[in-house]
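The values are calculated or read from the model by the stated rules, or taken from the named source; none is laboratory data. The shown structure was predicted, so the numbers you read here are calculated from the model rather than taken from an experiment. No Cβ is skipped: glycine too gets one built from the backbone with ideal geometry, and neighbour counts run over all protein chains shown. Note: areas computed on protein heavy atoms with side chains; ligands, DNA, RNA excluded. Shrake-Rupley method; radii C 1.70, N 1.55, O 1.52, S 1.80 Å.
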Amino acid sequence: MQQQLVPPWLEKLLGTAFFSMCRTHGAAARSECNMYCLDCNCDAFCFYCRSSRHKDHQVIQIRRSSYHDVVRVSEIEKVLNIGGVQTYVINSARVLFLNERPQPKSGKAVSHICEICGRSLLDALRFCSLGCKVVGIKRNGNTSFMLEEISSSSTRRGEEELREGSQQDIYPPTPSSTSSTRRRKGIPHRAPFGS
């Protein structure tokens with residue numbers, strides 16, 4: 001039962017090392033291995049390998065954020081149910097992390113944490129990464145990566161609105177400028193040199 005909850009290619013993807021130089025196209029630009037084929041379920045490959053060997057396959061591109069592998073939500077949600085996994089906006093793209101990211105223990109109380117690794121989360125979700133969701137599925141079996149037949153776009157839209165609302169609460173709008181707003185008094189001048 002639990003094997004059906006996790007696609008066969010996902011654990012291989014999570015264990016794959018990305019961003020090494022391609023052995024075949026190492027001298028060319030854009031030759032770092034940051035692509036993964038869901039159909040072949042093999043190692044990472046580069047931009048040029050994609051056009052020659054994986055032309056009509058389902059391929060996702062892995063990106064880096066602070067030395068951690070991420071994938072765009074727009075790419076991964078076509079093949080996986082990512083419900084319950086924290087997403088982030090990085091360089092104006094919504095992404096999620098592939099694997100657990102170590103977090104130093106802090107004394108601050110946080111309201112939302114990952115069920116698996118204890119990392120603090122921005123929203124009321126269960127997991128910080130796809131890897132933690134895999135562990136959660138194997139441990140509890142009460143969630144899945146499989147896309148349901150019934151479209152869950154309305155649920156996803158509701159989650160998106162909830163996230164946007166929580167971000168608005170975190171960052172209140174800047175007050176409009178009023179006459180009491182302090183302004184700079186022109187160009188700053190250097191102090192005169194002493195003799």
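Matching residues to (1) part of a helix (DSSP H, G or I); (2) open to solvent by 50 Å² or more (accessible area, probe 1.4 Å):
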position: E11; (1), (2): yes, yes
position: A29; (1), (2): no, yes
position: R50; (1), (2): yes, yes
position: E75; (1), (2): yes, no
position: V79; (1), (2): no, no
position: R94; (1), (2): no, no
Residues of the stretch 2-35 being of a type in the set (K, R) and closer than 15 Å to V59 by Cα, in sequence order, are K12
Run down A191, A124 and say which single residue is among the aliphatic types (A, V, I, L, M), open to solvent by 70 Å² or more (accessible area, probe 1.4 Å), at pLDDT 80 or above and out of contact with any Lys or Arg (no Cβ under 9 Å at 6 or more places or on another chain).
-> A124
Return yes or no: is N99 in contact with a Leu (Cβ under 8 Å, 6 or more places away or on another chain) and open to solvent by 30 Å² or more (accessible area, probe 1.4 Å)?
-> yes
Going by the conditions given, is V70 touching a residue at least 40 places away in the same chain (Cβ under 8 Å) and in contact with a Phe, Trp or Tyr (Cβ under 6 Å, 6 or more places away or on another chain)?
-> no
The condition from (1) at pLDDT 90 or above; (2) over 27 Å from C42 (Cβ atoms); (3) of a type in the set (K, R) that K78 misses is numbered (2)
Are any residues in the stretch 102-121 charged (D, E, K, R) and open to solvent by less than 60 Å² (accessible area, probe 1.4 Å), and if so, which ones?
-> R119
